[in-house]
Amino acid sequence: MNSADISAGRDRWQERYDAARKRDADFTTLSGVELEPAYGPAEGVDDPRMARIGWPGEFPYTRGLYPTGYRGRAWTIRQFSGFGNATQTNERYKMLLRSGGGGLSVAFDMPTLMGRDSDDPKALGEVGHCGVAIDSAADMEVLFDGIGLADVTTSMTISGPAVPVFCMYLVAAERQGADIGKLDGTLQTDIFKEYIAQKEWLFEPEPHLRLIGDLMDYCAGNIPRYKPLSVSGYHIREAGSTAAQELAFTIADGFGYVELGLSRGLDVNVFAPGLSFFFDSHVDFFEEIAKFRAARRIWARWLRDVYGATSEKAQWMRFHTQTAGVSLTAQQPYNNVVRTAVEALAAVLGGTNSLHTNALDETLALPTEESAEIALRTQAVLMEETGVVNVADPLGGSWYVEALTDRIEAEAEAIFRNILSLGGETGDDAATVTREAMAAGSHKIGPVTSGILRGIEDGWFTGEIAEAAFVYQQKLERGEKRIVGVNCHTETVARDLDILRVSHEVEREQVRILAARKGGRDQAAVDAALKHMVEVSRTDANMIPAMLDAVRVEATLGEICDVLREEWGEYREPARF
């Protein structure tokens, strides 16, 4: 890009920066040096990279979504938390909010994640252990007791039974007297990544996609600020993928959901702003920063040029980040504080919109209150003391970071071509191939979706991740990759940690409460509501209203999912060798 175009871009950015709201804060260095809100090439200097880099708040958003960077608004501190029953988790949420948390992120236990009630025989021994147990709307009321859902953004990490859990959240908000149309938050809902990595599914892909489409439609029409889909790369990376695989598989999943919305006749400018993303921030500092910058650029370009999004918000990739759980070690666990701080800083320098920092003891158990506070304060130190909020994209223009950003983008594009070929489409430029296939209408949902579904069926995604994990493990065992406390610097004076243990009494009490609730409700109303929901599932009507009706009469999560399992069947992953 020549210097005249760069200067014009600088002027556009400055005009938008001047017009934007800024926080009332000191944007100087520790020594008092005044800082520019953003930096770029010197006046009169050509830089061919600027077409790809741009300015903060300007397409292709490599440098962030907002001209002000974090001067306008810092990232949301959103700590992922949940354990035991709703009462215990409610207490932890209030502690986090008192201590500076800006939003809530709900971790559910395994029975809830699999759409089963706490009294299900398959739930035995698992209730409340990896998250909070939620059986009905009454539990959701307790979970948010004293926390106004109209006033706090809430993220819920659940995919298979996400839609009925969302309905319980709405009913809890109704019972608080909240204006449902103004709720703000995020539901994970991303079923593709379950088949690819985490394996917490209920049904075959088609009924899951039907529910997701209904949810997208319902939120776009009734709760415009709520984000019904958080496309998740975190679990893909935790399963062993490379940074480029995490990026490409996640964005491809996002393209699949865009194609789903378009196939249902939804306006991309209306529903695309309701898609958010969830990434892992691993310990390779610069690679992670480059990954985040490439992600925004790829998403903006494809949404505009392939899927026809014309509004800025529809082209924006908003994302939450969690530091890498897989990087934590049981050996010398205090080292995990350092790892988490480095990973969090990478997420911030990459422009994350919200952030969770892992606790030092999470590789051993759920976080104690003390370790949760250390994790929370890690973000506070970054935000309040380090100066990273003063300048938008401070590493923009770095030869190393820009080269890594370009490299990861190119690797992602190659993976997109592979996914398209799985769906029967070939060509050198993945975006052009996808746009032409969309125009031809040659796929039921879309060309990327066809490739994803074929890749799931053939085990292609899981095979790619397994190979990447195997290669890394070999390097680790040969000592080519090093982990402090594991294969180097193994001597330590550290003592064993005191860890949080969830009592089995939690399960017994949850089952007792559930039995009392079932005994005290109008069973005829529950049966009628569940029957009506199944009848609606056999039509093209949106299922959300019927599911809400079932939740309002205290139908449980397991009951809702069981009648749909009976109707749709359960998914069984094919055996592979």
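The values are calculated or read from the model by the stated rules, or taken from the named source; none is laboratory data. Keep in mind the model is a prediction, meaning the values are calculated, not measured. For neighbour counting, all protein chains shown are included, and Cβ atoms are generated from backbone atoms with ideal geometry for every residue, glycine included. Surface areas here come from the heavy atoms of the whole protein model, side chains and all, with no ligands, DNA or RNA. Shrake-Rupley method; radii C 1.70, N 1.55, O 1.52, S 1.80 Å.
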Boolean, Val106 is β-branched (Val, Ile, Thr), modelled with pLDDT of 95 or more and either assigned to a strand (DSSP E or B) or more than 21 Å from Arg225 (Cα to Cα) (or both): no
One residue is enough: does region 367-379 have a residue meeting the conditions in contact (Cβ under 8 Å) with a residue 60 or more places away in the chain, open to solvent by 20 Å² or more (accessible area, probe 1.4 Å) and among the aliphatic types (A, V, I, L, M)? no
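Table: residues versus (1) out of contact with any Lys or Arg (no Cβ under 9 Å at 6 or more places or on another chain); (2) surrounded by 16 or more Cβ atoms within 10 Å (Cβ to Cβ); (3) over 29 Å from Glu36 (Cα atoms).
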residue	(1), (2), (3)
Gly396	no, yes, no
Leu404	no, yes, no
Glu411	yes, yes, yes
Ala414	yes, no, yes
Ile419	no, yes, yes
Looking at (1) free of Cβ contacts under 8 Å to residues at least 12 places away in the same chain; (2) surrounded by fewer than 12 Cβ atoms within 10 Å (Cβ to Cβ), which one does Lys481 not meet, given that it meets all the others? (2)
Picking from Tyr61, Tyr66, which residue would you name as being within 30 Å of Asn2 (Cα to Cα), at pLDDT 95 or above and open to solvent by less than 10 Å² (accessible area, probe 1.4 Å)? Tyr61
Mind listing just one residue for me: the one in region 124-143 that is touching a residue at least 60 places away in the same chain (Cβ under 8 Å) and outside any loop (DSSP other than H, G, I, E, B) and, of those, nearest to the chain's Cα centre (by Cα)? Ala137
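Could you tell me which residue of region 241-281 is modelled with the lowest pLDDT, considering only residues that are among the aliphatic types (A, V, I, L, M) and under 30 Å from Ala341 (Cα atoms)?
Only one residue tops the list, namely Leu275.
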Before we move on, is Ala575 among the small types (Gly, Ala, Ser), modelled with pLDDT under 95 and not in a helix (DSSP H, G or I)? yes
So Gly387 fits all but one of (1) within 30 Å of Ile191 (Cβ to Cβ); (2) in contact with a Ser or Thr (Cβ under 7 Å, 6 or more places away or on another chain); (3) touching a residue at least 60 places away in the same chain (Cβ under 8 Å); what number is the exception? (1)
Based on this model, can you work out whether Ala220 counts as of a type outside the set (Lys, Arg), in contact (Cβ under 8 Å) with a residue 60 or more places away in the chain and either in contact with a helix residue (DSSP H, G or I) (Cβ under 7 Å, 6 or more places away or on another chain) or open to solvent by 10 Å² or more (accessible area, probe 1.4 Å) (or both)? no
Taking region 77-103 and the residues there that are assigned to a strand (DSSP E or B) and open to solvent by 20 Å² or more (accessible area, probe 1.4 Å), the one that is farthest from Ile513 (Cα to Cα) would be Arg78
Take residues that are within 18 Å of the chain's Cα centre (by Cα) and modelled with pLDDT under 95 and tell me which of the helices (runs of 4 or more DSSP H) falling wholly in region 282-367 contain 2 or more. none
Given the criteria open to solvent by 10 Å² or more (accessible area, probe 1.4 Å), over 16 Å from Met383 (Cα atoms) and small (Gly, Ala, Ser), does Ala74 qualify? no
What are the residues in region 223-251 that are open to solvent by less than 30 Å² (accessible area, probe 1.4 Å), outside any helix (DSSP H, G or I) and small (Gly, Ala, Ser), if any? Ser230, Ser232, Gly233, Gly240, Ser241
Return a yes/no flag: does region 252-264 have any residue that is assigned to a loop (DSSP other than H, G, I, E, B), open to solvent by 10 Å² or more (accessible area, probe 1.4 Å) and of a type outside the set (A, V, I, L, M, F, W, C). yes
Inspect region 377-390 for any residue being part of a loop (DSSP other than H, G, I, E, B), within 24 Å of the chain's Cα centre (by Cα) and within 30 Å of Val33 (Cα to Cα) and give the result as yes or no. yes
Residues that are among the small types (Gly, Ala, Ser) and in contact with a strand residue (DSSP E or B) (Cβ under 6 Å, 6 or more places away or on another chain), drawn from region 254-305: Gly254, Gly274, Ser276, Ser281
State which residue is surrounded by the fewest Cβ atoms within 10 Å (Cβ to Cβ) when the search covers only region 22-38 and only residues that are closer than 20 Å to Arg10 by Cα and charged (D, E, K, R). Glu34
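State all residues of region 529-544 that are open to solvent by less than 60 Å² (accessible area, probe 1.4 Å) and assigned to a helix (DSSP H, G or I); if no residue qualifies, say none.
Across region 529-544, the qualifying residues are Ala529, Leu530, Met533, Val534, Val536, Ser537, Ile544.
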Based on this model, can you work out whether Asn336 counts as of a type outside the set (A, V, I, L, M), over 30 Å from Leu266 (Cα atoms), in contact with a helix residue (DSSP H, G or I) (Cβ under 7 Å, 6 or more places away or on another chain) and open to solvent by less than 10 Å² (accessible area, probe 1.4 Å)? no
Just one of Leu497, Leu476 is open to solvent by less than 60 Å² (accessible area, probe 1.4 Å) and assigned to a helix (DSSP H, G or I); which is it? Leu476
Residue in region 141-153 that is nearest to Thr556 (Cα to Cα), counting only those that are touching a Lys or Arg at 6+ places or on another chain (Cβ under 9 Å) and open to solvent by less than 50 Å² (accessible area, probe 1.4 Å): Ile147
